[in-house]
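A.B. asks: If you scroll down you'll find the structure; I have some questions about it.
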Amino acid sequence: MPRILVIAAHPHLGESRVTRTLLAATRQAAAGGADIAVRELYALYPDYLVDVATEQAALAQAELLVWLHPIHWYGMPPLMKLWLDEVFAFGWAYGPGGTALAGRDLWLVCSTGGSAASYRPEGHNRYPFEAFLPPYEQAAALAGLRFLPPQVLHGAHQADTATIGRFAQGFVQRLRSWPDAAGWPELASLPPCPGCAVPAGERPVEA
């Protein structure tokens with residue numbers, strides 16, 4: 001299995017410009033020999049019936065996990081959230097014995113409809129974009145994943161083709177170079193994953 005696994009989720013991919021361009025660039029890189037695999041959730045599970053065993057098997061060998069999606073209501077699209085709920089299972093991804101993903105990296109690559117200016121106190125989103133990231137950061141910590149600085153394209157609806165193309169090019173270049181220090185200079189200063197031990201008593205006893 002490839003070392004890099006891209007989990008992509010866009011409920012209306014045919015109408016997307018950003019996610020569709022990123023997926024095309026990623027698949028082109030993989031076809032050219034890059035160590036990357038792509039799993040497009042809405043194509044795989046249009047019925048929302050996630051095959052947990054298959055998804056966990058795909059994750060087993062990945063050293064870099066990429067979540068690629070547009071921001072919906074300040075978070076994940078619904079199928080991505082369902083995927084997280086079911087695949088990052090207690091006893092597998094977190095909790096006692098849940099170390100399947102520990103020591104790997106997680107990278108969020110996303111787009112927003114709102115402009116960068118909208119993510120300011122005077123903007124209609126009121127808060128900086130980073131204020132909406134704690135659920136991602138904590139999900140990573142709970143699973144023992146190191147959360148890498150996200151790559152975000154703001155104002156996706158207004159972005160022109162050249163801007164989207166540059167964003168996609170930068171995305172693929174970083175995928176190809178991971179975890180080389182030249183392509184990822186910030187890795188040297190990132191602290192290790194804090195880790196969060198979950199006591200068994202935090203979960204109800206199964207019948």
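A.B. asks: Between Glu15 and Ala116, take the C-beta separation as r, use R0 = 30 Å, and let me know the FRET efficiency to the nearest 0.05.
C.D. replies: So the FRET efficiency works out to roughly 0.85.
A.B. asks: Looking at the stretch 114-160, which GluC sites (Glu not before Pro) are DSSP coil and have at most 13 other C-beta atoms within 10 Å of their C-beta?
C.D. replies: Those satisfying the criteria are Glu122.
A.B. asks: Here's something else I'd like to know. Can you give the FRET efficiency for Ala31 and Leu187, using 1/(1 + (r/R0)^6), R0 = 22 Å, r = Cβ-Cβ distance, to the nearest 0.05?
C.D. replies: Result of the calculation: an efficiency of 0.25.
A.B. asks: Considering every pair of different Cα atoms, what Kirkwood radius, in Å, is found for the stretch 4-202?
C.D. replies: 17.6
A.B. asks: If you put +1 on each Lys and Arg Cβ and -1 on each Asp and Glu Cβ, how big is the dipole of the chain around its Cα centre, in Debye rounded to 20?
C.D. replies: Charge dipole, the chain, about its Cα centre: 460 debye, nearest 20.
A.B. asks: Return the equivalent ellipsoid semi-axes of the stretch 5-71 as a descending list in whole Å, where each equals the square root of 5 times an eigenvalue of the C-alpha gyration tensor.
C.D. replies: 18, 18, 9
A.B. asks: Next up: Between Gln173 and Lys81, what is the label-to-label distance in nm when each label sits 7 Å out along the Cα-to-Cβ direction?
C.D. replies: Result: 3.5 nm between the two label points.
Quick note: the coordinates plus some simple rules give every number you see, no bench work behind them. Because the structure is a prediction, the values reported are computed rather than measured. Cβ coordinates were reconstructed from backbone atoms using ideal geometry, including for glycine residues, and neighbour counts include every protein chain displayed.
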